[in-house]
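The values are calculated or read from the model by the stated rules, or taken from the named source; none is laboratory data. The structure presented is a predicted model; accordingly, all values stated were derived computationally and were not measured. Note that each Cβ is placed from the backbone with ideal geometry, even for glycine, and that neighbours are counted across all protein chains shown. All accessible areas refer to the heavy atoms of the entire protein, side chains included, with ligands and DNA or RNA removed. Shrake-Rupley method; radii C 1.70, N 1.55, O 1.52, S 1.80 Å.
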Amino acid sequence: MTMRFVVRRFFELAVVLGGLAILIFVISRVLPGDPIRYALGPNASPQQIEQMRTEMGLDESLPVQFIRLVEGSIAGNFGRSTIPPFGSVGIDIATYLPASLELAFFAMILAIALGVPLGVTAALYRDRWPDQASRVLAFSGVAIPVFWLALMIQLVVAFRLGWLPALGRIGRNVAPPIDVTGFYLIDSLLAADIGLFFHCLTFLVLPALALAASPLAMIMRLVRASMLEEMGKDYVLTARANGMPRVLVVYKYMLRNAFSATLTIVGLLVGYFVGSAFIVETVFSWPGLGRYGVRALQFKDFNAIVAVTLVVGIAYAAANTVVTVLYGWLDPRLRLSERK
Amino acid sequence: MSRFSLSRRAALFASVALLAASFAAPAAAAGDPATLTVITRLTDTGFDPAFHFAEFDGMDVLNLYEPLVYPQKGAAPSGHLAESWDSPDAKVWTFKLRKGVKFHDGKDLRAKDVVYSIDRMLTINKGYSYLWAGLLKPGTTTAVDDYTVKFTLERPFGPFLDTIVQFFVLNSEFMKANTAKEGPFGDNGDYGTAFLKKADAGSGPYTLAEVVPDSRRAYKRFDAYWGGWKDKQFNRVVVQLVGEAATARELIAKGDVDFVDQWQPVEFYKNVAKEPNVTVPETPDMKLYFIQMNTQRPPLDDINFRRAISYAFDYKTAVEQVMGGAVLGQGPIPSSMPGFDASTPKATTDIAKAKEFLAKSKYKPDQFVLEFQFIKAGVHEPISLLFQANMAQLGIKIDIKAEQWPVLTKNAAKPDTAPHFFPVYNTAKYPSPDAFTHGMYHPQSHGGWQAASHYANPQVTKMIDEARTTADAAKRNKLYADAAKIVVDDAAALWVAYPFHRVAVNKRIKNYQHVGVMAFDLRAYNLRYE
């Protein structure tokens, strides 16, 4: 893979993020409403309101505000929140992002770990009961609204059966691990506390399952379709005719070829998981970026809106850039076309 | 793949699942009976008394810090950190502090701490500091001796004692040791604001034990609390954020939590009241639900048009059906507030009278389409639909529109942008009719969303001003009540109801008492368990 190919992809990423920053800054400023009045309560005096506008830099011109935002974003500090206690948005993002990423990664692992083998099975047993069952599962996964699914999973598995905890990242009477990465699973391992690791894992399962349902269905159907396409190819027939074991043909050769389409979806899903977790986070009281973003929108917290959008945008763009680079690595035709 | 390997993998998976489930078990257990678990849907906002003005951070502040005086339902505040006070002219207020009060680091609470705390609050100029805007300046409060503190106001202010229920005392030495030098407050740096996001500096019955942002917080009992500890009081309090009403219902029904605060829908409390282990105390609140009328915008600048609307609204349906029960409104001052006058006319539906007033109006009913803007939460939407249907009987067209809260507060700030109708709640932040008269119908309050009527009547303004400078509480409250009666006669709003305060409480919890001032019923020290 040429360095030029990779550099070009990252240059495109910078342009996309710059455009996103301008767009979201303008949108956040033209949204109707005044966050300062909310922030200071119902009876705030005009003098209080003016003081806070100055403190927040909202009395500056829009270009100056934008330059400050860009400077702050590069430094990882997105200014101050307009929601009490008016803390640094950068610190807020650093606080809530690990929870969302942990949930997103776990949900993605679930979606791939279940979606790929189910898709392969459905293809291998085409039009037989495993295929029909997976079809029902896939349609349900895509069609059922995530808020309903999340509530049902919580109601049945947590409240009725009592198998797994219903909400939060950790038990009410259990102290969180020492904060190193913000990922409870990693931090509990760093603290060499296996019990706490499994304890935290139990809290991840239900929200991750609810979040993974729709992507799992998509992956399953995509793998099935790609596998069926591969099945009809000559190399499969040749391999089978030469006595190669079916497992080897399926998982080593067919799946590898069929996986490139799935890789596209997986790239997009990284952004989906980070950006779409707010419903699941609300139902399971998961203290992540999604809930923070919703609150920012409700109360027009300018800086928080911009920061959350940029973070989600970065997740989408970075994942797609990585997928594009991987494509180039997997498929020489793509990177060679860059030279022309 | 062989059957053997498949079954081995299944067994392995099942083992891991069982192992994981076994670690989950402690989280679901009810746990220690001396732990109180409260759930709320409100977001946490830190532990700084200079910033708080909502119920949820009110609960934190109330358990970790203490005020000089404590509100009493239907009565004047009682002494708390202050044992006695004196103010012959309502301008200079002298408080004698209780001796033997310890901060959480073991240091004694002294007058210098009170001085530091009020100066800090006024300098930061957020949260409840608006209560003393133009009345009290930083640097004017002095420590007469270690246990006597003197507040000198700019002018006499009768309800001062009522308002300082929202002033909480911090440990000045501890705060100074934890103040960042860089910050917006000059020599005071950041005034310790960063420190108080994850810590406390109070003398309250509990200290902050743990914070998981946007998820939960825990307090533990402060053994050296000056009030002492009795049997069956809670050693630990856990506050958990739960966004979904369905989740909250399951948790309280199963006995996994002890207390659900007042921010759930009415149906939630009606449903959980049927659970055998749950009780739902219903108390008339020091709270008002009212539909503000913008008295500056045509046709509502005509008193007859406003009166017609007041008589056309179906209060009974609103109170009984939509709100699930409440005390029918009788003007702006809630019925459980000191100073409420029972002779104030009750909200009445009378279509004949409504038509009579409409006929007297200089405007015709179909001349305008009137804006009714509300936040899409609680009872506002069904009330808006009921209002629209009621007004149709008079031929008045109502355009109902749900808006986001920052939009509504911005619109409400000016008479030319405030909608014709804007329904809101007003909860008592201090136990005085001042908030329900000066805070809503005095020109000084215009710009706030509880003053969206933009009402101005020189006679009312004068009476409220006089009330505010009156030291005698009985005379002061009479002036407020008389002013409120004029506002009612002027039909500045539809004072629909004084809603019930509802919370869901596990029956093992005893001594729950509703105070009426926002969050003061959430003081865990007052509660006991069985």
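Using θ = phi - 60° and the Karplus form 6.51 cos²θ - 1.76 cosθ + 1.60, what ³J(HN,Hα) does each residue of segment A:68-73 get, whole Hz, x for Gly and Pro?
So the Karplus estimates, Gly and Pro as x, are 4, 5, 4, 4, x, 5 Hz.
Considering only DSSP beta bridges whose two residues both sit in segment B:287-501, what percent are antiparallel, to the nearest 5?
60 percent
How shielded is B:433-444 by partner chains, expressed as the average number of their Cβ atoms within 10 Å of its Cβ atoms?
Values: counts 0, 0, 2, 0, 0, 1, 2, 2, 0, 0, 0, 2.
Per residue, the number of nearby Cβ atoms from other chains is 1 on average.
Can you give the Rg to Rh ratio for segment B:316-382, taking only C-alpha atoms and Rh from Kirkwood?
Here Rg/Rh amounts to 1.03.
For segment B:287-501, what does the relative contact order come out to in percent, with C-alpha contacts under 8 Å and a separation of six or more?
On the way: 432 pairs, mean separation 76.4, N = 215.
Relative contact order of segment B:287-501: 36 percent.
For the ranges B:158-164, B:443-449, what's the packing order if you count other beta-carbon atoms within 10 Å of each residue, average per peptide, and put the highest first?
Top of the packing list down: B:158-164, B:443-449.
On the protein heavy atoms, probe 1.4 angstrom, tell me the percent of accessible surface of the protein assembly as shown carried by carbon and sulfur.
That fraction is 60 percent.
Give me the three principal axis extents of segment B:287-501 from the C-alpha atoms, as integers in angstrom, largest value leading.
Projected onto its principal axes, the Cα set of segment B:287-501 covers 49, 36, 36 Å.
Over chain A, with a Gaussian network built from C-alpha contacts below 10 Å, which listed residue (A:LEU155, A:LEU101, A:LEU137) shows the highest mean-square fluctuation?
Sorting by GNM fluctuation, first place goes to A:LEU155.
Go from 0 up to the bin containing the longest alpha carbon distance in the protein assembly as shown, width 20 Å each, and give me the % of pairs per bin.
13, 41, 32, 11, 2, 0
How large are Rg and Dmax for segment B:131-178 when only the alpha carbon atoms are used, in Å?
Considering segment B:131-178 through its Cα atoms, Rg and Dmax are 12.4, 36 Å.
Hey, can you grab everything whose amide H is under 5 Å from the amide H of B:GLU83? Only 5+ residues off in sequence or another chain; H modelled, so Pro and N-termini drop out.
So B:GLU83 has HN proximity to B:LYS96, B:LEU97, B:ARG98.
Below 8 Å between Cα atoms, with a sequence gap of 6+, how large is the relative contact order for chain A in percent?
RCO, chain A: 28 percent.
For the interface of chains B and A, what total accessible area is buried with a 1.4 Å probe, rounded to the nearest 100 Å²?
4900 Å²
Please give the length that would be gained between B:VAL144 and B:ALA342 if that part of the chain were fully extended, namely 0.36 nm times their separation in residues minus their C-alpha to C-alpha distance (nm, one decimal).
67.0 nm
Please compute, for peptide A:157-170, the average count of beta-carbon atoms on other protein chains lying within 10 Å of each residue's beta-carbon. Don't skip to the end; give the middle numbers.
Details: counts 0, 5, 9, 1, 1, 5, 7, 7, 7, 9, 14, 7, 3, 4.
Going residue by residue through A:157-170 and averaging, the value is 6.
Mind listing the phi-derived Karplus ³J(HN,Hα) values for segment B:428-435, rounded to whole Hz, using 6.51, -1.76 and 1.60 with θ = phi - 60°, and x for any glycine or proline?
Once rounded to whole Hz, the list reads 5, 9, 8, x, 8, x, 3, 5.
Which value, in Å², gives the accessible area per residue of the protein assembly as shown when a 1.4 Å probe is used on the protein heavy atoms?
Counting only protein heavy atoms, the per-residue value for the protein assembly as shown is 41 Å².
Percent antiparallel among DSSP beta bridges with both residues in the protein assembly as shown, to the nearest 5?
75 percent
From the gyration tensor of the Cα coordinates in segment A:95-291, what semi-axes in whole Å does the equivalent ellipsoid have, largest first, with each one equal to sqrt(5λ)?
Each semi-axis is the square root of five times an eigenvalue, giving 36, 19, 15 Å.
Hey, can you grab everything whose amide H is under 5 Å from the amide H of B:GLY331? Only 5+ residues off in sequence or another chain; H modelled, so Pro and N-termini drop out.
Result for B:GLY331 returns B:ALA347, B:TRP495.
Report the far tail of the P(r) of chain B, meaning the percent of Cα-Cα pairs longer than 38 Å.
Tail of the P(r) past 38 Å holds 35 percent of the pairs.
Could you tell me what percent of the DSSP beta bridges with both partners in chain B are antiparallel, to the nearest 5? Don't skip to the answer; put the middle values down first.
On the way: 51 of 68 bridges.
Looking only at bridges with both residues in chain B, the antiparallel portion is about 75 percent.
Could you list which residues have their amide H under 5 Å from that of B:HIS514, counting only those 5 or more apart in sequence or on another chain, with H placed in the peptide plane?
none
What distance in nm separates the two pseudo spin-label positions at B:GLN367 and A:PHE259, each 7 Å out from Cα along the beta-carbon direction?
Computed distance between label sites B:GLN367 and A:PHE259 equals 7.6 nm.
By its C-alpha gyration tensor, with a ≥ b ≥ c as the square roots of the eigenvalues, how is segment B:66-182 shaped: rounded for a/c under 1.5, else prolate for a/b larger than b/c, else oblate?
It comes out oblate by the Cα gyration axes.
Using 21 Å as the Cα-Cα cut-off, could you pick out the over-long pairs in B:LYS316/B:LYS364; B:LYS316/B:LYS346; B:LYS346/B:LYS410; B:LYS376/B:LYS429; B:LYS287/B:LYS485; B:LYS96/B:LYS510?
Over 21 Å apart, Cα to Cα: B:LYS316/B:LYS364; B:LYS346/B:LYS410; B:LYS376/B:LYS429; B:LYS96/B:LYS510.
For segment B:339-348, take each phi angle, set θ = phi - 60°, evaluate the Karplus expression 6.51 cos²θ - 1.76 cosθ + 1.60, and give the result in whole Hz per residue in order, putting x for glycine and proline.
Couplings: x, 5, 10, 5, 8, 5, x, 7, 4, 10 Hz.
Relative to a virtual label point 7 Å from the Cα of B:ARG155 in the Cα→beta-carbon direction, which members of segment B:449-469 show backbone nitrogen distances below 17 Å?
Hits in segment B:449-469 for B:ARG155 at 17 Å: B:457-469.
What average count of beta carbons from other chains do you get within 10 Å of the Cβ of residues in B:401-410?
6
Once you have the alpha carbon radius of gyration of chain A, what is it after dividing by 2.2 N^0.38 Å, with N set to its residue count?
1.18
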